[in-house]
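Worksheet for the structure shown next.
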Amino acid sequence: MMHALLLLLALALTAGAAGADASWRLPLSVKEKALEQNIRERHNILGLYPSQVEVPLDGRPVDNSTLGIGNIAHSVCWTANYLAGCSFRYAFLKQSGAPQEEVDAALRRADEVFEAVYRCQLVTGVRGLQARGYAIGHGESYEERWDAQTRDEWHQGAGEFGDLRWRGDPSHHNYSDASHGLIQYYTLAAQGKQKDRAREAIDALVSYWVDNDLNIHKLDRTRPPVPILGMTDGKTLNTRVMMAIAGAKYGHYATGKAKFRKVYDDLIAQYGVRGLQSFRGGRDWDDAEHVLCHLEALFRIEEDPELLAAYRVVLDAIWKQHVTDGQSLFTYIYFGSAPDAPDREKPLQDALYSLQTWPTDMTLMPRMNSIRDDLTPPYPVYAAAWDNEYIWKGNLLGADGWLSRTVTDVAVPAEDPVVLYAIDEAGHLYQSRDGGSTAAGWRPIDPGLPSPARAIAAGARVREVYAACDDGFYLSTTGGYGWRRLPVPNDGGRPVDIDVDPANPRIIYVATTKGVHRSVDFGEEFLGNKWETLTDGLPAASVASFAVALGDPGRVYAVLDGVTFTRRLDEEAWRRGGAIGLGQYTETYPWLAVDPSNPDRAFAGAKIAYRDMGTRSLLQETTDGGLTWSNDMASIYRRLATVGFAGLLASLVPGEVSHLVIDPRNPKTIYATGERGVSMSTDGGATWTESSAGLDIPVARSVFAPRNSQWLFAGTPAGLFLSKDGGENWDNAHLVLQFEKNTRREIGGAAFIDAYWRGRYYGFIDEEAAGRPFADSGEGARATTPGG
């Protein structure tokens, strides 16, 4: 194991300029040991395998108690699949003449995992009723804390299982996975008394639906049961019926009981299995995985040639739907069960490639392959969109996975630029005290806020933070540990923005969808207690937006039904300015970007989508406080007459611009969101370049240049990134928001182990292939560098 870890470290240190994890290049045998060790350390509840677990950012061990977060609801399924892999590991090592200590260790592990699967029945106290999984300890589970609809499905074990809290409401898939995992263990690994225990586990599990008219009852029998056959016309064989047929066969094979044989024969007769000529397999990866695993076991234990021929029809039909998917498990099961099948070379090459490109770091991170030109499906597993915790139930052809929630606002206090505040699109508020250098450095600071936050501002001191929330405006003078609501006048609008006057931090400006308000400076102890309205006297409008440009004297902008109105903060009167956009020809963006160094300068934007030119953006600039705007209709017509349509297109910004900011230190530098990162202009918007170096996913949804920071920030589908050199290069700010707040979850490597040991058992992976690191040239090579 030490050798594997040293090799992993060496590969990580030589991973390349982008710092990408190169552990996918490790030899298969080394990865298997690393993934197995990870399972034992993190994905292990008395042998039960919760695939997805929350990994503490501070390096503490994973919490598999009732206080922790893991996907208990699917753990009996994943554990049963893992049990199959453990059983094939033992069978291969035994038949290959491996050292006895390795064989014995493999058997002990298979026994341990079997006991976890069986415990999912025993913990319920009802023979054959299977829990979806269990956690160690007492008290409410994560679903109960979240007030999920399934909160009533959790129960405390009794007797010897009194220290386990189990999740009920089993599905037919739970019974299907458990039965095939148990039969693999029974036929490949179980010895002595463990064989007897496996027989009893199979008997109880299958009896639970065989004895109940093919229904899976809940613990509360007043609730509707789950029919083992699902939706069926009663005559057409489908994947769910195949699962039931296999389960009945396992029951009879292990116990010899006539009731199982009767159900088996009845289902075969009812659904016309004998003489079967065709089967509709479909593209469902989940059911395909179930049925392929069942067929593999059926080919081992069924002796009737007519039934074996029918099962081959089902096997071929399912394989036909997935032959190009690169699914290692599917491939090894198919060719292991049908050794005479033709066209083996390419699928086996793809199957090996999927294992060769499997990472040892299985942390769930955003994946967006739809914008990449260097990868083609089936994707290498290090870049695949893991849309299912057990990857073979997912789709290696899917381009994009779970993306990060976008950061929608960033603020930095004047006192210390290393302290960062950020909001995500769900309205959660975070603080970093280390400049975003670590994930553990971010903490949520919104427990005291009664509604989601939509905008933030930072005051002069690090402890001062302001939030515009859905139900009002709030102030914290304790760094988010406590909040108080600001008594802003109720104008009937929705809170939109909040800012602090940099020249006088005791003055606060807020904007709603109806107007702008300013606090009156009565001293620090009365901060935000008294307010005045700045937007009285404006005409009524159906669509209104507002922006405050702070400065000396500062200015308020109002855009009412597409027309600009403006007033200086040292004057009372409003003046009507120019129109924004090009009327019916464009869609005006909702933002107005003001120049932090010049209140009379601002940018507006509009989206244009015309025929086959794609989406482009028109930027308009004012330098006189909104009285006139560049790129108005008259100037567009003049440009069209002078340079033609091609010249006009060249003056537009490609793609959408959902966010734009002006550099507070250099007003000629402008940053905008872009389809390939951040678009950057250093000549006031005349020309643009793309800035994406260092972005894990080169797409920007938001961009920020806080006045109290020298850094630039970008909200991307891969999380928050920052630039310390004006957008030339980007670094990860470690705020990746996929699950609860800024947490990280990983999935275990049981799917790798399940497929790898089948590959060894059936002879598709020999010693040389198992011990060879991945090289760019050679078998299965289709990609070079991970990322995106």
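Quick check on region 598-613. Is at least one of its residues closer than 21 Å to Ser679 by Cβ, among the hydroxyl-bearing types (Ser, Thr, Tyr), free of Cβ contacts under 8 Å to residues at least 40 places away in the same chain and in a strand (DSSP E or B)? No, that holds for no residue.
Yes/no matrix, rows are residues, columns are (1) in a helix (DSSP H, G or I); (2) out of contact with any strand residue (DSSP E or B) (no Cβ under 8 Å at 6 or more places or on another chain); (3) touching a residue at least 12 places away in the same chain (Cβ under 8 Å); (4) not β-branched (Val, Ile, Thr):
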{"position": "Leu315", "(1), (2), (3), (4)": "yes, yes, yes, yes"}
{"position": "Gln321", "(1), (2), (3), (4)": "yes, yes, yes, yes"}
{"position": "Tyr332", "(1), (2), (3), (4)": "yes, yes, yes, yes"}
{"position": "Phe335", "(1), (2), (3), (4)": "yes, yes, yes, yes"}
{"position": "Asp340", "(1), (2), (3), (4)": "no, yes, no, yes"}
{"position": "Met365", "(1), (2), (3), (4)": "no, yes, yes, yes"}
{"position": "Thr376", "(1), (2), (3), (4)": "no, yes, yes, no"}
{"position": "Ala385", "(1), (2), (3), (4)": "no, no, yes, yes"}
{"position": "Glu389", "(1), (2), (3), (4)": "no, no, yes, yes"}
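Within region 94-104, the presence of a residue that is open to solvent by 30 Å² or more (accessible area, probe 1.4 Å) and either within 17 Å of Gly181 (Cβ to Cβ) or touching a strand residue (DSSP E or B) at 6+ places or on another chain (Cβ under 8 Å) (or both) is excluded. Listed by first and then second residue, the pairs with beta-carbon distance under 7 Å, at least 6 apart or on different chains, first residue in region 501-527 and polar (S, T, N, Q), second open to solvent by 20 Å² or more (accessible area, probe 1.4 Å) and part of a strand (DSSP E or B), are Thr512/Val496; Thr513/Val496; Thr513/Ala544; Ser519/Trp531. Scanning region 502-525 for residues that are closer than 24 Å to Phe565 by Cβ and either at pLDDT below 95 or of a type in the set (Lys, Arg) (or both) turns up Lys514, Arg518.
Matching residues to (1) in a loop (DSSP other than H, G, I, E, B); (2) under 22 Å from Gln130 (Cβ atoms):
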position	(1), (2)
Leu229	yes, yes
Gly234	yes, no
Leu237	yes, no
Arg240	no, yes
Ala248	no, yes
Tyr253	no, yes
Phe260	no, yes
Val263	no, yes
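Across region 317-371, the qualifying residues are those that are modelled with pLDDT of 95 or more and among the basic types (Lys, Arg), and the one among them that is surrounded by the most Cβ atoms within 10 Å (Cβ to Cβ) is Arg344.
In region 733-774, how many residues are open to solvent by 40 Å² or more (accessible area, probe 1.4 Å) and in contact (Cβ under 8 Å) with a residue 40 or more places away in the chain?
Total satisfying the criteria: 9.
Among the conditions (1) farther than 22 Å from Asp416 by Cβ; (2) in a strand (DSSP E or B); (3) touching a Phe, Trp or Tyr at 6+ places or on another chain (Cβ under 7 Å), Glu746 misses just one, which is (3). Of all residue pairs spaced 6 or more apart or on separate chains, those with beta-carbon atoms under 9 Å, a first member in region 571-585 that is without any contact (Cβ under 8 Å) to a residue 60 or more places away in the chain and a second member that is open to solvent by 80 Å² or more (accessible area, probe 1.4 Å) and assigned to a strand (DSSP E or B) are Gly581/Glu587.
Which one is surrounded by the fewest Cβ atoms within 10 Å (Cβ to Cβ), of the residues in region 498-510 that are out of contact with any His (no Cβ under 8 Å at 6 or more places or on another chain) and assigned to a strand (DSSP E or B)? Out of the qualifying residues, it is Asp499. Consider region 233-243 and keep the residues that are of a type outside the set (Gly, Ala, Ser) and more than 34 Å from the chain's Cα centre (by Cα). The one that is surrounded by the most Cβ atoms within 10 Å (Cβ to Cβ) is Leu237. Assess whether Gly581 counts as being surrounded by 15 or more Cβ atoms within 10 Å (Cβ to Cβ) and modelled with pLDDT under 95. Criteria met by Gly581.
Please determine, by comparing only the residues of region 274-300 that are open to solvent by 30 Å² or more (accessible area, probe 1.4 Å) and among the aromatic types (Phe, Trp, Tyr), which one is farthest from the chain's Cα centre (by Cα). The residue in question is Phe299. Kindly evaluate Val556 against the criterion of being open to solvent by 20 Å² or more (accessible area, probe 1.4 Å) and of a type in the set (Val, Ile, Thr). When the stated conditions are applied, Val556 does not pass them.
Restricting to region 513-571, name every residue that is of a type in the set (D, E, K, R) and within 40 Å of the chain's Cα centre (by Cα). Lys514, Asp561, listed by residue number. For the condition closer than 30 Å to Tyr382 by Cβ and hydrophobic (A, V, I, L, M, F, W, C), what is the one hit in Val678, Val661, Val643? Going through Val678, Val661, Val643 in turn, just one is closer than 30 Å to Tyr382 by Cβ and hydrophobic (A, V, I, L, M, F, W, C): Val678. Within region 66-76, the residues that satisfy the criterion of being open to solvent by less than 20 Å² (accessible area, probe 1.4 Å) and in contact with a Lys or Arg (Cβ under 8 Å, 6 or more places away or on another chain) are Thr66, Ile72, Ala73, Ser75, Val76.
Here's a check for you: in region 409-437, which residue that is in contact with a Ser or Thr (Cβ under 6 Å, 6 or more places away or on another chain) and of a type outside the set (A, V, I, L, M, F, W, C) is most open to solvent (accessible area, probe 1.4 Å)?
By that ranking, first place goes to Glu425.
Of the numbered criteria (1) surrounded by 17 or more Cβ atoms within 10 Å (Cβ to Cβ); (2) without any contact (Cβ under 8 Å) to a residue 60 or more places away in the chain, the one Trp629 fails is (2). Scanning region 196-223 for residues that are open to solvent by less than 10 Å² (accessible area, probe 1.4 Å), β-branched (Val, Ile, Thr) and either part of a helix (DSSP H, G or I) or in contact (Cβ under 8 Å) with a residue 60 or more places away in the chain (or both) yields Ile202, Val206.
Candidates are the residues of region 105-147 that are charged (D, E, K, R) and under 25 Å from Ser176 (Cβ atoms); the one that is surrounded by the most Cβ atoms within 10 Å (Cβ to Cβ) is Arg119.
Give the residue that is surrounded by the most Cβ atoms within 10 Å (Cβ to Cβ), with candidates limited to residues of region 162-195 that are of a type in the set (Ser, Thr, Tyr) and touching a strand residue (DSSP E or B) at 6+ places or on another chain (Cβ under 7 Å).
So the residue we want is Tyr175.
Checking each residue of region 139-161 against the condition of being polar (S, T, N, Q), within 20 Å of Leu83 (Cβ to Cβ) and out of contact with any Ser or Thr (no Cβ under 8 Å at 6 or more places or on another chain) gives no match.
The values are calculated or read from the model by the stated rules, or taken from the named source; none is laboratory data. Computed from a prediction, not measured in an experiment: that's the story for all the values here. In this analysis, Cβ positions are derived from the backbone assuming ideal geometry, glycine residues included, and neighbour counts consider all displayed protein chains. Heads up: the accessible areas ignore ligands, DNA and RNA and are worked out on the full protein's heavy atoms, side chains in. Shrake-Rupley method; radii C 1.70, N 1.55, O 1.52, S 1.80 Å.
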